[in-house]
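Heads up, the thing below is written out as structure tokens.
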Amino acid sequence: MEKILVSACLAGVPCRYDGRSKDSPQALGQVGAGRAVVVCPEGAGGLPTPRPPAEIVGGDGADVLDGRARVVDATGADCTEAFLDGARQALAAAEAAGARRALLMARSPSCGCGRIYDGTFTGELRPGDGVTAALLRRAGIAVEAV
């Protein structure tokens with residue numbers, strides 16, 4: 001049975017920055033079928049729930065991976081290392097399970113695919129991936145945002 005990496009918040013785990021989940025019928029279907037590898041990269045990286053919202057400043061997830069951008073929370077604290085650690089742990093979980101696809105939380109600085117918040121905390125979006133999505137893509141894992 002093919003496994004798929006799933007953002008924990010989409011699978012009903014209350015791990016988002018605001019302490020809530022964002023249940024997705026698609027993700028819950030994967031969990032119910034026994035195909036999901038459920039991961040919250042931010043929690044895996046050691047960030048608490050709830051926590052201040054964070055955004056990528058100076059680029060996107062690929063830029064964070066390459067050291068050209070940082071992840072900063074709304075209080076101004078730099079949480080880049082936690083995001084990098086969580087991304088590495090998510091990739092390790094996907095690889096251990098043989099997952100070649102990921103179903104991720106849209107717009108997240110970890111899991112966003114294609115569009116993420118722009119780093120100004122104003123709700124504006126910009127093109128790009130979150131840190132985990134970028135790392136998964138580099139490893140050849142197909143990512144999809146929900």
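The values are calculated or read from the model by the stated rules, or taken from the named source; none is laboratory data. Given the structure is predicted, the values throughout are model-derived calculations rather than measurements. Here the Cβ is made from the backbone with ideal geometry for all residues, glycine too, and neighbour counts use every protein chain on show. For accessibility, only protein heavy atoms count, side chains too; no ligands or nucleic acids. Shrake-Rupley method; radii C 1.70, N 1.55, O 1.52, S 1.80 Å.
Within the stretch 1-36, the set of residues being open to solvent by 70 Å² or more (accessible area, probe 1.4 Å) and part of a loop (DSSP other than H, G, I, E, B) comprises 1, 2, 14, 17, 20, 22, 23, 35. For the stretch 42-54, the count of residues that are open to solvent by less than 40 Å² (accessible area, probe 1.4 Å) and out of contact with any Phe, Trp or Tyr (no Cβ under 9 Å at 6 or more places or on another chain) is at least one.
Considered as a group, the residues in the stretch 61-100 that are buried (at least 16 other Cβ atoms within 10 Å of the Cβ) and β-branched (Val, Ile, Thr) include one that is farthest from the chain's Cα centre (by Cα), and that residue is 72. Here residue 11 fulfils each of the conditions (1) in contact (Cβ under 8 Å) with a residue 60 or more places away in the chain; (2) over 22 Å from residue 140 (Cα atoms); (3) touching a strand residue (DSSP E or B) at 6+ places or on another chain (Cβ under 9 Å) apart from (1). Being assigned to a strand (DSSP E or B), without any contact (Cβ under 8 Å) to a residue 60 or more places away in the chain and either hydrophobic (A, V, I, L, M, F, W, C) or closer than 18 Å to residue 132 by Cα (or both) is true of residue 72. Say whether the condition of being modelled with pLDDT of 95 or more, more than 16 Å from residue 15 (Cβ to Cβ), assigned to a strand (DSSP E or B) and of a type outside the set (Val, Ile, Thr) is met by at least one residue in the stretch 109-120. Within the stretch 109-120, one or more residues are modelled with pLDDT of 95 or more, more than 16 Å from residue 15 (Cβ to Cβ), assigned to a strand (DSSP E or B) and of a type outside the set (Val, Ile, Thr).
Being without any contact (Cβ under 8 Å) to a residue 40 or more places away in the chain, polar (S, T, N, Q) and farther than 25 Å from residue 4 by Cβ is the requirement here; does residue 49 meet it? No: the conditions fail for residue 49. Kindly provide the set of residues from the stretch 75-101 that are outside any helix (DSSP H, G or I), over 17 Å from residue 43 (Cα atoms) and not β-branched (Val, Ile, Thr), ordered by number. 76, 98, 99, 100, 101, listed by residue number. Taking the stretch 61-97 as the range and being hydroxyl-bearing (Ser, Thr, Tyr) and touching a strand residue (DSSP E or B) at 6+ places or on another chain (Cβ under 9 Å) as the test, only 80 passes. Does the stretch 134-142 include one or more residues that are open to solvent by less than 60 Å² (accessible area, probe 1.4 Å) and assigned to a strand (DSSP E or B)? Yes, the stretch 134-142 contains at least one residue that is open to solvent by less than 60 Å² (accessible area, probe 1.4 Å) and assigned to a strand (DSSP E or B).
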